[in-house]
């Protein structure tokens, strides 16, 4: 994984969560998947008022990619819920 900006999954999750909270998202939970998908970043959060899911997803992905340095297939292996 040449795109890694953080040494551990824990550091990566914390950095993304802090960035999303700073951007105004609420109820933010960030973690990594299990098993064969252990590298996937999972993000759960509430959108901003009057924001559609597509807009929320695009903004969350932009922030997460900037913080983590992830890129490539499947939006850098980031899932937004």
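So in the range 29-80, with the set limited to residues that are assigned to a strand (DSSP E or B) and touching a helix residue (DSSP H, G or I) at 6+ places or on another chain (Cβ under 7 Å), which one is farthest from residue 5 (Cα to Cα)?
Our first condition is that a residue be assigned to a strand (DSSP E or B); within the range 29-80, this holds for 29-32, 41-46, 78-80.
Retained after the next criterion (residues that are touching a helix residue (DSSP H, G or I) at 6+ places or on another chain (Cβ under 7 Å)): 30-32, 41, 43, 45, 78, 80.
Details: 30: 16, 31: 16, 32: 15, 41: 13, 43: 17, 45: 22, 78: 15, 80: 20 Å.
So, considering only residues that are assigned to a strand (DSSP E or B) and touching a helix residue (DSSP H, G or I) at 6+ places or on another chain (Cβ under 7 Å), the one farthest from residue 5 (Cα to Cα) is 45.
Conditions (1) touching a strand residue (DSSP E or B) at 6+ places or on another chain (Cβ under 8 Å); (2) in contact (Cβ under 8 Å) with a residue 24 or more places away in the chain, marked per residue:
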site	(1), (2)
13	yes, yes
16	yes, yes
22	no, no
28	yes, no
32	yes, no
44	yes, yes
75	no, no
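Bear in mind that the values in this text are calculations on the coordinates, not laboratory data. Keep in mind it's a predicted model, so treat the numbers as computed, not measured. For neighbour counting, all protein chains shown are included, and Cβ atoms are generated from backbone atoms with ideal geometry for every residue, glycine included.
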